[in-house]
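**Q** Sharing a structure below in structure tokens format, with a few things to ask.
The values are calculated or read from the model by the stated rules, or taken from the named source; none is laboratory data. Here the structure is a predicted model, which means the values were calculated and not measured. Positions of Cβ are generated from backbone atoms using ideal geometry, with glycine treated the same way; all protein chains shown enter the neighbour counts. Ligands, DNA and RNA are stripped out before the accessible areas are found, and what is left, the full protein with its side chains, is counted by its heavy atoms. Shrake-Rupley method; radii C 1.70, N 1.55, O 1.52, S 1.80 Å.
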Amino acid sequence: MLTDLLWGAAAAWFSSSRSFLGEEGGSPRRRLQGKCFAFELEDAWGDGWNGAIYEFDDGDATMANGTLVTGFGKTEEVCFAANGGCYGLSVSAGSYPSEVSW
């Protein structure tokens with residue numbers, strides 16, 4: 001889930017299109033401008049993402065990336081450029097993709 005830190009509104013399109021890097025039908029690109037979001041990482045088993053990594057990119061460069069090393073979840077702040085742009089989210093599968101959500 002990606003939540004706007006200023007308004008608290010959820011950008012549900014990132015969480016509703018759950019697919020992993022290399023799968024068909026990856027996450028659509030969305031226009032975001034000069035905002036910071038709370039990005040929620042979750043693991044069903046509580047042992048972290050087991051090698052899965054998320055990445056926000058603008059088509060040319062990685063804007064933010066990370067993982068859940070251990071535990072059931074955490075929230076990370078992700079900020080996008082003030083001049084706007086279209087960003088995509090990809091998540092690698094890791095060892096246990098069925099446990100990974102965001």
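**Q** For region 40-84, which whole percent of the accessible surface, found with a 1.4 angstrom probe, sits on carbon and sulfur atoms? Write out the running numbers ahead of the final one.
**A** Details: 1220 of 2480 Å².
Reported share for carbon and sulfur atoms: 49 percent.
**Q** Hey, another quick one. Amide H neighbours of G73 under 5 Å, counting only residues 5+ apart in sequence or on other chains, H built in-plane at 1.01 Å?
**A** D43
**Q** Right, here's the next one. Considering Cα pairs under 8 angstrom that are at least six residues apart, work out the relative contact order of region 31-72 and quote it in whole percent. Before the final figure, lay out each step's value.
**A** On the way: 48 pairs, mean separation 17.6, N = 42.
42 percent.
**Q** While we're looking at this one, here's another question. Given points 7 Å out from each Cα along the Cα-Cβ axis, report the D58 to T70 separation in nanometres with one decimal.
**A** About 3.6 nm separates the two model spin labels.
**Q** Something else now. According to a simple spin-label model (label point 7 Å from Cα along Cα-to-Cβ), what is the distance in nm between E77 and D47?
**A** With each label placed 7 Å out from Cα toward Cβ, I get 3.3 nm.
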